[in-house]
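Below is one structure, written out as structure tokens; the observations come after it.
The values are calculated or read from the model by the stated rules, or taken from the named source; none is laboratory data. Predicted model only: the values in this text are computed from it and were never measured. Glycine gets a Cβ as well: all are built from the backbone with ideal geometry, and neighbour counts include every protein chain shown.
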Amino acid sequence: KKILRLILGDQLNSNHSWFSEIDKNATYLIMEMMQEAEYTNHHIQKVVGFFLAMRNFAESIERQGHKVIYFSLDDQDNSQKLEENILKLIDRHGFDRFEYQLPDEYRLDQLLLELTKKLESKKSFSVRVVDTEHFLTERGFLKDFFKGKKTYLMETFYRSMRSKHDVLMDGKEPLTGKWNYDHENRNKLKDPLLLVKPKTFSKDVNTVVNMIRSKGVKTIGEIDEKNFDWPISREESMEALKYFCEKLLFRFGEYQDAMYDGDSFLFHSRLSFAMNVKMISPLEVVEYVEKYWLRHQDAIDVAQVEGFIRQIIGWREYMRGVYWAEMPGFAKLNFFDHKRKLPQFFWTGKTKMNCLKHAIEGSLKSAYAHHIQRLMVTGNFMLLAGIDPDEVDQWYLGIYIDAIEWVEITNTRGMSQFADGGIVGTKPYVSSANYIDKMSNYCESCFYKKNQKIGDRACPFNSLYWHFYARNEEKLSKNPRIGMAYRTLAKMKDAEAILKQAEDYLNQIEKL
Ligand code: FAD
Ligand code: SF4
């Protein structure tokens, strides 16, 4: 049998069992395509990161002796579409079996199922689907795990993952006596001298940028073509992980929620891209971090480590489960019926709101923002302002180097916008200036006044926060976790003026 094996751009798992031996009958297919470069307006660093990681991967398996067909974007033979390329190759080379790994994206899953139908109707042609061997759970695991339950409780899932994979465990109990150290991990960064340089790779990526531009791919954001800093091979991903353990882990949890206008990365690992394209696996990252901590317990306390591990075997794995439990319906959910267009300043950073300016400018510059910037600054504003979740999704899906739909949409529509009405979270993540000021130094130099709700310079978050609750009273007031907000609103003497202020801000949203 002559086998054609497809490897998608986010399936660069060199530890996959496909590669454990050289199969002389198998040819691996990796393709750069306009179809993938243009399904949304991606950040230029995202397109470059994907293409370079794919090229490195193709070279590395070829070096091991595997047969590879690689289409670059400017390849004459490249029809730029997945199905067309595959059908052409099957005809040309006489393959009689097609194999692929389960895609993580619903869109590609459907496309490959359609293709499978077509191929299986060919005489003596077969199709085989295999797992990506990347995640800790299988696609349908979370749905089965919570069968009969109203909500998917992340913490329950997380604890089961800890037990099942024996991470930070002592038999059936957590190793240090506590499952979760979240409450200890909420500090503001007061001393910038604590900041550590992020890991850099400084690669010259001029050639691939020129190719992308010459093909007319529409992109957003900036790129320093002489200093591309994302890991784009397995070796570099391992270097980034090592650097994280040695330089950043000891403060990770403590400053996990902090924001600082002089630094976009703080103590975060920047490993999401490497993991999402599968250059390294989540279990591998977690085991490496746990082992490092066991050897350095005198210097690193468990709260830092538990906080990190929870993000990966908890949140990341959980979001994937929610995606497969809820798609395709999830992509259309709009619980609050929000319809407003995304203000233009999300594409430029030109706003007087200092927190948003930093989060947006940083994202355009580096294709990155850390979790709290995504959730409590940009996401918070979009939810308070009632932006259409479709517009919200397109922004998040394009701008971040780690944005792939399964993990973007569940975070955006679910965790951040509550457009799912409470599948991911039990209440919307919204806040006034109070929280942003508590966790950052943004308010200190802002045009707006963090303590004012009314007036020309009143912080927009303050009035929009109450506007959000007031306009959604019917949908939210029965939620036991929110009752307090409504009791406060009912007692507020200047409620009317605050709501009027919010209306005025919404009417001139582009000028904020
Ligand atoms: P660290 O802070 O170092 O955390 C370590 C790892 O934990 C991350 O690399 C990531 O793999 C995982 N992780 C942490 N939080 C989450 C989470 N909520 N969901 C899933 N994994 C998590 N993450 C993406 O990978 N792709 C996205 O498109 C994406 N979109 C987001 C959109 C919004 C609105 C929000 C609120 C969060 C989003 N996240 C997304 C989750 C999280 O913000 C990023 O994973 C993280 O900022 C990546 O940076 P890091 O690698 O330095 O993370
Ligand atoms: Fe953001 Fe308001 Fe603080 Fe300005 S005052 S940085 S707009 S929270």
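Do we have any residue at all in the stretch 398-413 that's without any contact (Cβ under 8 Å) to a residue 60 or more places away in the chain and within 16 Å of ligand 2 (Cβ to nearest atom)? First the steps, then the outcome.
If we filter the stretch 398-413 for residues that are without any contact (Cβ under 8 Å) to a residue 60 or more places away in the chain, which is where we start, we get 408, 412.
Narrowing the set further to residues that are within 16 Å of ligand 2 (Cβ to nearest atom) leaves none.
No, the conditions are met nowhere in the stretch 398-413.
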Over the stretch 192-245, the set of residues at positive phi and at pLDDT 95 or above is GLY216, GLY221
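So that you can scan it fast, the table gives a plain yes or no per residue for (1) assigned by TED's automatic domain parsing to the domain that holds GLN297; (2) not charged (D, E, K, R):
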residue	(1), (2)
HIS183	yes, yes
ASP191	yes, no
VAL196	yes, yes
PHE201	yes, yes
ASP204	yes, no
THR219	no, yes
GLU239	yes, no
LEU249	yes, yes
Flag for ARG413 being within 27 Å of ALA331 (Cβ to Cβ), charged (D, E, K, R), within 16 Å of ligand 1 (Cβ to nearest atom) and not assigned by TED's automatic domain parsing to the domain that holds TYR255: yes
Do we find that ILE69 is assigned to a loop (DSSP other than H, G, I, E, B), aliphatic (A, V, I, L, M) and surrounded by fewer than 20 Cβ atoms within 10 Å (Cβ to Cβ) in this structure? no
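Hey, among the residues in the stretch 422-438 that are closer than 16 Å to MET319 by Cα and touching a helix residue (DSSP H, G or I) at 6+ places or on another chain (Cβ under 8 Å), which one's farthest from ligand 1 (Cβ to nearest atom)?
ILE423
Give the residues of the stretch 187-208 that are among the charged types (D, E, K, R) and under 14 Å from ASN441 (Cα atoms), sorted by residue number.
Taking the stretch 187-208 and keeping what is among the charged types (D, E, K, R), we get 188, 190-191, 197, 199, 203-204.
Residues satisfying the conditions are LYS188, LYS190, ASP191.
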Could you pull out the residue among ALA385, ALA495, ALA470 that is more than 30 Å from GLU36 (Cα to Cα), touching a strand residue (DSSP E or B) at 6+ places or on another chain (Cβ under 8 Å), among the aliphatic types (A, V, I, L, M) and assigned by TED's automatic domain parsing to the domain that holds GLY362? ALA385
Restricting the search to the stretch 367-381, which residues are surrounded by 20 or more Cβ atoms within 10 Å (Cβ to Cβ) and either away from ligand 2 (no atom under 14 Å from the Cβ) or hydroxyl-bearing (Ser, Thr, Tyr) (or both)? ALA367, TYR368, ALA369, HIS370, ARG374, THR378
Conditions (1) buried (at least 19 other Cβ atoms within 10 Å of the Cβ); (2) more than 16 Å from ligand 1 (Cβ to nearest atom) -> GLU408 fails only (2)
How about the stretch 119-160: which of its residues are in contact with a strand residue (DSSP E or B) (Cβ under 8 Å, 6 or more places away or on another chain) and assigned to a helix (DSSP H, G or I)? LEU119, GLU120
Tell me the residue from ARG295, ARG340 that is more than 9 Å from ligand 1 (Cβ to nearest atom), in contact (Cβ under 8 Å) with a residue 40 or more places away in the chain and not aromatic (Phe, Trp, Tyr), please. ARG340
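Inside the stretch 426-512, counting only helices (runs of 4 or more DSSP H) that do not spill past its ends, which hold 1 or more residues that are more than 32 Å from the chain's Cα centre (by Cα) and not aliphatic (A, V, I, L, M)? Steps first, please.
Working: elements: 433-439, 460-471, 473-476, 483-491, 495-507.
It comes to 483-491, 495-507.
Kindly evaluate ASP301 against the criterion of being surrounded by fewer than 22 Cβ atoms within 10 Å (Cβ to Cβ) and within 16 Å of ASP182 (Cα to Cα).
Details: surrounded by fewer than 22 Cβ atoms within 10 Å (Cβ to Cβ): yes; within 16 Å of ASP182 (Cα to Cα): yes.
Spelling it out, ASP301 is indeed surrounded by fewer than 22 Cβ atoms within 10 Å (Cβ to Cβ) and within 16 Å of ASP182 (Cα to Cα).
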Of those in the stretch 383-405 that are part of a loop (DSSP other than H, G, I, E, B) and more than 9 Å from ligand 1 (Cβ to nearest atom), the residue farthest from ALA331 (Cα to Cα) is GLY386
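For the stretch 439-449, give me each residue that is away from ligand 1 (no atom under 16 Å from the Cβ) and either touching a strand residue (DSSP E or B) at 6+ places or on another chain (Cβ under 9 Å) or within 21 Å of GLY421 (Cβ to Cβ) (or both). Give the derivation first.
Going residue by residue through the stretch 439-449, those that are away from ligand 1 (no atom under 16 Å from the Cβ) are 441-449.
Those that are away from ligand 1 (no atom under 16 Å from the Cβ) and either touching a strand residue (DSSP E or B) at 6+ places or on another chain (Cβ under 9 Å) or within 21 Å of GLY421 (Cβ to Cβ) (or both): ASN441, TYR442, CYS443, TYR448, LYS449.
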Among GLN297, GLN304, the single one that is in a loop (DSSP other than H, G, I, E, B), more than 18 Å from GLN394 (Cβ to Cβ) and more than 20 Å from the chain's Cα centre (by Cα) is GLN297
Which residue pairs have Cβ atoms closer than 8 Å, lie 6 or more positions apart in sequence or on different chains, and pair a first residue in the stretch 266-285 that is assigned by TED's automatic domain parsing to the domain that holds ARG251 and in contact (Cβ under 8 Å) with a residue 24 or more places away in the chain with a second residue that is basic (Lys, Arg) and in a loop (DSSP other than H, G, I, E, B)? ARG270/LYS199
Mind telling me which of the residues ASP23, ASP75 ends up being surrounded by fewer than 18 Cβ atoms within 10 Å (Cβ to Cβ), in contact with a strand residue (DSSP E or B) (Cβ under 9 Å, 6 or more places away or on another chain) and within 29 Å of ASP204 (Cβ to Cβ)? ASP75
Out of the stretch 231-260, which residues are in a loop (DSSP other than H, G, I, E, B) and either surrounded by fewer than 19 Cβ atoms within 10 Å (Cβ to Cβ) or hydrophobic (A, V, I, L, M, F, W, C) (or both)? ILE232, ALA258, MET259
Sole exception among (1) within 10 Å of ligand 1 (Cβ to nearest atom); (2) under 23 Å from ASP104 (Cα atoms); (3) assigned to a helix (DSSP H, G or I) for GLN373, by number: (2)
If I filter the stretch 344-366 for residues that are touching a residue at least 40 places away in the same chain (Cβ under 8 Å), surrounded by fewer than 18 Cβ atoms within 10 Å (Cβ to Cβ) and more than 24 Å from PHE50 (Cα to Cα), do I get at least one hit? yes
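More than 26 Å from TYR400 (Cβ to Cβ), within 27 Å of the chain's Cα centre (by Cα) and either part of a helix (DSSP H, G or I) or not hydroxyl-bearing (Ser, Thr, Tyr) (or both): is that true of LEU108 in this structure?
Values: more than 26 Å from TYR400 (Cβ to Cβ): no; within 27 Å of the chain's Cα centre (by Cα): yes; either part of a helix (DSSP H, G or I) or not hydroxyl-bearing (Ser, Thr, Tyr) (or both): yes.
For LEU108, the condition - more than 26 Å from TYR400 (Cβ to Cβ), within 27 Å of the chain's Cα centre (by Cα) and either part of a helix (DSSP H, G or I) or not hydroxyl-bearing (Ser, Thr, Tyr) (or both) - is not met.
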